[in-house]
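Visitor: Below is a structure I'd like to ask you about.
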Amino acid sequence: MTAFRTFFAATTALCAGSAALAADLEVTHWWTSGGEAAAVAEFAREFEAQTDHTWVDGAIAGGGGTARPVMVSRIIGGDPMGAFQFNHGRQAEELIEAGLLRDMTDVAEAEGWKDIVNPPSLLDACTVDGRIYCAPVNIHSWQWLWLSNAAFEKAGLDVPTNWDEFVAAGPALREAGITPMALGGQPWQSSGAFNVLMATLGGPGALQKIYGDGDAEMAAGDAMKRVFQAASDMREMVQGSNVQDWNQATNLVITDQAGGQIMGDWAQGEFAVAGEVAGEDYTCLPGLGVNEVISTGGDAIYFPVVDDEEISAAQDALAATLLNPQTQVAFNLKKGSLPVRADVDLEAANDCMKKGLEILASGAIMPDVNMLNTEDTNNQLNDLFVQFFQDTSISADDAQARFVDIVANKD
C-alpha cells in the first residue's frame with residue numbers, strides 16, 4: 001500500500017490540479033446487478049477520495065441494450081452527462097465522428113497509459129486517428145462456463161470438466177429436477193452464448209475470421225455446423241430457464257436450480273455477493289474446458305464535450321483516477337474482471353480470477369466481438385439467436401443459413 005501512496009503522489013497531478021474547480025460529475029452506466037453495484041461503488045469512492053469532485057450516479061437498469069440508446073439520445077440532444085460507460089470497441093464511432101466526445105489524449109499521455117494498459121488492444125479500441133477518446137477500465141471475457149457443484153452432486157454426477165461432459169449430464173440433471181442450463185431472455189445473452197460456442201468449438205481464429213474478416217465461406221462450413229449443433233444442444237438444455245436478466249440466470253446457478261450458465265466473468269461478482277466460494281460452491285471452466293482462450297473486451301469510460309470548465313476538469317480527474325493502481329484493484333476484485341494494468345497486486349483474487357490472469361499472461365487472447373462488429377451487425381445477431389433459442393422449430397441448418405447471410409453483408 002505504501003507503494004500505491006507513492007505512485008499517487010507522482011501521478012495524480014491532474015486530479016490535484018482540478019481541486020479548485022470542484023464539480024458534481026454525473027456518470028451514466030448499466031452496472032445495476034448486485035456485483036456490479038458493489039464494483040461501481042468503488043469507482044465512486046476512489047473518485048471522491050482522490051479528488052474534490054463528487055460522483056453523481058446515473059445508473060440505467062436493463063443492460064447495455066437499454067442504456068446505450070438513452071445515453072446517445074442525451075448526448076446528441078444537447079444534454080450530455082459528464083461521463084458514460086460503453087464497451088471497448090466500435091460502439092462510440094459515430095459519436096466521435098460527430099465531434100461529440102472529448103479527446104482525452106492529454107490525460108492519457110500525462111498518466112502514461114500507453115506504458116501500462118495491457119493488452120495494448122484495449123487502448124487501441126479507444127483510439128481514432130491517433131487520438132484517445134476513452135479510458136479502458138477492465139478486461140471482461142465471455143468464454144466461461146459456470147457450474148453449480150451442489151446441482152451435480154444432487155444428480156449423482158461428477159462436476160463436468162468440459163462442454164461435452166456438461167451436455168451429457170443434461171438428462172440426469174433434468175431427472176433430478178434441475179434445469180441443465182440457465183439462459184436469460186435478453187437477446188444479447190443468446191448471441192453472447194453462441195459466440196462463446198463459436199470461439200471455443202469452431203476452431204482457432206473462428207471469431208476473427210468470421211466477424212473480423214467477414215469470411216462467409218467459413219461461416220457456412222463444417223466447423224460452424226458443429227457449432228450450430230452445439231447451439232441446438234444448448235437450446236434443449238435451457239428449456240425451463242424462465243428468467244429475463246443475466247444475473248437472474250446466474251442466480252439459478254448460485255441457488256443450485258440450474259446446473260450451469262455460459263456467461264462472462266462478470267458473473268463472479270454475483271457469486272461473491274452471494275458468499276459463494278470458487279472451487280467449493282461453484283466451478284469455472286474457461287473456454288468451456290475445451291479451448292482455454294479469453295477475449296479482451298470489457299468496459300471503457302467516455303467523456304462528452306461540455307461547455308463547462310468545472311465539468312471538464314472533473315472529467316480529467318476521473319479519467320486519471322480510473323486507471324490508478326488502487327482503483328483498478330478495488331473495482332476489478334468486486335466486478336470479477338481483470339485489471340487493464342499488469343503491475344497491480346491481485347493476491348486477493350479468487351481461483352477463477354487467477355485462471356483468467358494466467359490465460360491473459362499466456363497470450364491466449366482474442367478480440368472481443370464489439371471490436372469486430374458494429375452495433376447494427378450485433379443487433380442482427382441478437383435477433384437471430386434470441387429467435388433460435390426460443391423457437392425450437394428453427395433448425396440448426398436454417399439458423400446457419402441466416403447467420404451466413406448476416407456475415408456476408410456485415411459492414
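The values are calculated or read from the model by the stated rules, or taken from the named source; none is laboratory data. In this text, all values refer to a predicted model and were calculated from it rather than measured experimentally. Note that each Cβ is placed from the backbone with ideal geometry, even for glycine, and that neighbours are counted across all protein chains shown. Surface areas here come from the heavy atoms of the whole protein model, side chains and all, with no ligands, DNA or RNA. Shrake-Rupley method; radii C 1.70, N 1.55, O 1.52, S 1.80 Å.
Visitor: I'm trying to understand the selection: among the residues of segment 194-211, which are buried (at least 22 other Cβ atoms within 10 Å of the Cβ), closer than 21 Å to Thr374 by Cα and of a type in the set (Gly, Ala, Ser)?
Guide: Ala199, Ala206
Visitor: Exactly one condition in (1) of a type in the set (D, E, K, R); (2) in a loop (DSSP other than H, G, I, E, B); (3) assigned by TED's automatic domain parsing to the domain that holds Leu323 is not met by Lys114; state its number.
Guide: Condition (2) is where Lys114 drops out.
Visitor: Among the residues of segment 39-68, which ones are surrounded by fewer than 19 Cβ atoms within 10 Å (Cβ to Cβ), part of a helix (DSSP H, G or I) and at pLDDT 95 or above?
Guide: Result: Ala41, Ala44, Arg45, Glu48, Ala49.
Visitor: Does Pro180 fit the bill of being assigned to a loop (DSSP other than H, G, I, E, B), open to solvent by less than 10 Å² (accessible area, probe 1.4 Å) and over 30 Å from Ala98 (Cβ atoms)?
Guide: Judged against the criteria, Pro180 is not a match.
Visitor: Can you find a residue that is aliphatic (A, V, I, L, M), under 15 Å from Ala349 (Cα atoms) and buried (at least 24 other Cβ atoms within 10 Å of the Cβ) anywhere in segment 264-274?
Guide: So far as segment 264-274 goes, yes, one or more of its residues are aliphatic (A, V, I, L, M), under 15 Å from Ala349 (Cα atoms) and buried (at least 24 other Cβ atoms within 10 Å of the Cβ).
Visitor: Residue by residue through segment 331-372, note down the ones that are among the small types (Gly, Ala, Ser) and buried (at least 17 other Cβ atoms within 10 Å of the Cβ).
Guide: Gly336, Ser337, Ala349, Gly356
Visitor: Restricting to segment 212-232, what's the tally of residues that are in a helix (DSSP H, G or I) and surrounded by fewer than 20 Cβ atoms within 10 Å (Cβ to Cβ)?
Guide: Of the residues in that region, 10 qualify.
Visitor: Please work out which one of (1) open to solvent by 10 Å² or more (accessible area, probe 1.4 Å); (2) under 30 Å from Gly356 (Cβ atoms); (3) part of a helix (DSSP H, G or I); (4) among the aliphatic types (A, V, I, L, M) is the condition Ala108 fails and give its number.
Guide: All conditions are met except number (1).
Visitor: Need the failing condition index for Gly279 against (1) touching a Gly at 6+ places or on another chain (Cβ under 6 Å); (2) at pLDDT below 95; (3) open to solvent by 10 Å² or more (accessible area, probe 1.4 Å), just the number.
Guide: (1)
Visitor: Do we have Trp188 as open to solvent by 10 Å² or more (accessible area, probe 1.4 Å) and touching a Phe, Trp or Tyr at 6+ places or on another chain (Cβ under 9 Å) here?
Guide: yes
Visitor: Right, another one. Across segment 131-157, what is the total count of residues that are touching a strand residue (DSSP E or B) at 6+ places or on another chain (Cβ under 8 Å) and not in a helix (DSSP H, G or I)?
Guide: Step one: filter segment 131-157 for residues touching a strand residue (DSSP E or B) at 6+ places or on another chain (Cβ under 8 Å), giving 133-149, 151-152, 155.
Cutting the leftovers down to not in a helix (DSSP H, G or I) gives us 133-148, 155.
Final tally of qualifying residues: 17.
Visitor: If I ask for residues that are surrounded by 24 or more Cβ atoms within 10 Å (Cβ to Cβ) and part of a loop (DSSP other than H, G, I, E, B), which ones from segment 246-263 would you list?
Guide: Met263 - this is the single residue of segment 246-263 that is surrounded by 24 or more Cβ atoms within 10 Å (Cβ to Cβ) and part of a loop (DSSP other than H, G, I, E, B).
Visitor: Identify all residues within segment 179-197 that are at pLDDT 95 or above and within 17 Å of the chain's Cα centre (by Cα); write none if there are none.
Guide: The answer is Leu183, Gly184, Gln189, Ser190, Ser191, Gly192, Ala193, Phe194, Asn195, Val196, Leu197.
Visitor: Report yes if some residue within segment 92-102 is open to solvent by less than 60 Å² (accessible area, probe 1.4 Å), touching a residue at least 40 places away in the same chain (Cβ under 8 Å) and not hydrophobic (A, V, I, L, M, F, W, C); otherwise report no.
Guide: Our first condition is that a residue be open to solvent by less than 60 Å² (accessible area, probe 1.4 Å); within segment 92-102, this holds for 92, 95-96, 99-102.
This time we only want the ones that are touching a residue at least 40 places away in the same chain (Cβ under 8 Å), so: 92, 95, 99-102.
From what is left, the residues that are not hydrophobic (A, V, I, L, M, F, W, C) are 99, 102.
Yes, that holds for at least one residue.
Visitor: For segment 117-130, how many residues are in a helix (DSSP H, G or I) and touching a strand residue (DSSP E or B) at 6+ places or on another chain (Cβ under 6 Å)?
Guide: Taking segment 117-130 and keeping what is in a helix (DSSP H, G or I), we get 121-124.
Within this subset, residues satisfying the condition of being touching a strand residue (DSSP E or B) at 6+ places or on another chain (Cβ under 6 Å) are 122-123.
Here the count works out to 2.
One line per residue, one yes/no per condition, for (1) in contact with a Leu (Cβ under 8 Å, 6 or more places away or on another chain); (2) in contact (Cβ under 8 Å) with a residue 60 or more places away in the chain; (3) among the small types (Gly, Ala, Ser); (4) under 30 Å from Gly240 (Cβ atoms):
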site	(1), (2), (3), (4)
Asn350	no, yes, no, yes
Ile365	no, yes, no, no
Asp383	no, yes, no, yes
Ala408	no, yes, yes, no
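Visitor: Is it the case, given these coordinates, that Pro160 is open to solvent by less than 30 Å² (accessible area, probe 1.4 Å), in a loop (DSSP other than H, G, I, E, B) and more than 27 Å from Ile301 (Cβ to Cβ)?
Guide: Considered against the rule, which asks whether it is open to solvent by less than 30 Å² (accessible area, probe 1.4 Å), in a loop (DSSP other than H, G, I, E, B) and more than 27 Å from Ile301 (Cβ to Cβ), Pro160 comes out as yes.
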